[in-house]
Amino acid sequence: MTLFLETVAANAILASVLALIVFSLTRFVRKPPVAYWLWMLVLLKLVTPPVVQLPLKLAPAEVATSTPVRFHKESPAPAEPVFSAAEASDGGPIIPAVEIPLEADTDETIVPSASVAYSAETGIFPEAEVSTMIAPILPLENRRNTSGRTARLSWEFYFIALWSTGSVLWFALMLFRILRFERLIKRAQPASEWLQGEARHLAGQFSLRQCPNVRLVNGRVPPLLWSASRPAVVLLPTKLLDNLEPREQTMLLAHELAHFRRRDHWFRWVELLILGLYWWHPVAWWARRELQKSEEQCCDAWVLWAFPEQAKCYAQTLLNTVEFLAASRTSLPTAASGFGKVNEVKRRLEMILQNKMSRQSSWLVRIGLVLFGCVVLGTSARMIQADLPRAVVADADVAGRTANDQGVVEKKARNRAAAELDISTDSNSRVGALKKAAQRQKDANLDPLKIAVQTEIAVQTEVDVNLKAVLELVNAINAQGEE
């Protein structure tokens, strides 16, 4: 899941950068075919898988070691050990709570909130109590990392849930609009024989293998090419045709056949898919709007190519169509290739009257676009952490292993000391041994490893003394029995 989200984020970022580059280029290169394919690359970049990944280095992360407990290199004198006022109910010793300083980057000190009693039956600390005793002194960075992983997982879950919900709603809305528009098409009537003949003539002029059917609708909809659930069909509003001259009707039909010649109805489905997946990304909507703007300009260039002397007549056709659609608020499905936005007609009229539009690019430009597309679509970014200097990493690794060994030795020493303390029957001696060890810790300012070792030595000495006294007492009793 993390790899998938990283790929999505990389594609979204690169598509945004590419959109800015394309926008800058199209301000200088005013060729509709070039602009069309450049904006198409922006859309395709959102869904293309990475083929070649370029490393994108982020800020170096903090070096983490595998230490259960980490200490200062020079630990300050610990506080006076705190002993419980009463012994444990089973006669075992009470382990004092000792303040252990954390890493140098924090002033926080963790003190165990409860004492842990030693069990004389098992000879070791119970597992649950040991984990309870060790958990409060885990390094602060480990607790932060754990909460970070939880937050990251929660963020990923909510993002995927929101993304999926939005996509499902988008596709459901598009399906509803397509089905509603299909009902409108079923009521459409075949065009006249003259209009069908004009369509066949234009299809031959545009080198089309087949000519789409031409049908008339009574609704106030823009002229469009529709190919959602049937072979492509050109839909023309009846009321608009009644207001146009025969030559203007032919040019209007030529514009829609230019969409069919360019296979724009195929790319409508690509747009629908990408917008359904990236509905949350503003660049997807921006690229789609610019793509359709360039698409309409390309179709205008095809009409001017077919009727080079009729630029003014075609401009008048656009104006009549805009006037017809001014009072219409019909929402077309994404799969429809319409006549274009009304607010974009001004720019189209300027280009038509100047008659400087090209319907196709040169072979050199096409080869350049193909090469540029292969590089852009095949390249992605892989976000990695910047490496720290080797000396820092080595020092952190050595410190981690040393601190880890200290923690293991200290834990074993505490368990063994507590086990041997239980042999003695004199509780005052046990408490006295611990007090002496704590006093030596305070006076000598030793690190935790040496403290644990000296505590063990002190306890062993007290135990040896007690054992020696017990053995002498047993020998004396045996000698009296023999007498």
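Reported count of residues in segment 363-384, each being of a type in the set (G, A, S) and modelled with pLDDT of 80 or more, is 3.
Put simply, of V303, V345 the only residue that is hydrophobic (A, V, I, L, M, F, W, C), at pLDDT 70 or above and within 41 Å of the chain's Cα centre (by Cα) is V345. Filter segment 175-201 down to residues that are closer than 12 Å to V234 by Cα and either of a type in the set (F, W, Y) or not in a helix (DSSP H, G or I) (or both), then give me how many there are. Selection size over segment 175-201: 4. So is V270 β-branched (V, I, T) and surrounded by 18 or more Cβ atoms within 10 Å (Cβ to Cβ) or not? Considered against the rule, which asks whether it is β-branched (V, I, T) and surrounded by 18 or more Cβ atoms within 10 Å (Cβ to Cβ), V270 comes out as no. M133 meets all of the listed conditions (1) out of contact with any helix residue (DSSP H, G or I) (no Cβ under 7 Å at 6 or more places or on another chain); (2) more than 27 Å from L240 (Cβ to Cβ); (3) surrounded by 13 or more Cβ atoms within 10 Å (Cβ to Cβ); (4) modelled with pLDDT of 90 or more but one, namely (4). Any idea which residue in segment 1-25 is surrounded by the fewest Cβ atoms within 10 Å (Cβ to Cβ), counting only those that are without any contact (Cβ under 8 Å) to a residue 12 or more places away in the chain and closer than 22 Å to W37 by Cβ? Looking at the filtered set, the residue picked out is S24.
Scanning segment 352-362 for residues that are surrounded by 17 or more Cβ atoms within 10 Å (Cβ to Cβ) and farther than 14 Å from V29 by Cα yields I352, R359.
The C-beta contact set for segment 200-226 (first residue under 17 Å from R180 (Cβ atoms), second residue polar (S, T, N, Q) and part of a loop (DSSP other than H, G, I, E, B), distance under 8 angstrom, 6+ apart or interchain) comprises G219/T330; R220/S328; R220/T330; V221/S328; V221/T330; P222/S328; P222/T330.
Note on segment 202-218: residues that are surrounded by 16 or more Cβ atoms within 10 Å (Cβ to Cβ) and in a helix (DSSP H, G or I) total 2.
The values are calculated or read from the model by the stated rules, or taken from the named source; none is laboratory data. Every value quoted in this text rests on a predicted model; they were computed, and no experiment measured them. No Cβ is skipped: glycine too gets one built from the backbone with ideal geometry, and neighbour counts run over all protein chains shown.
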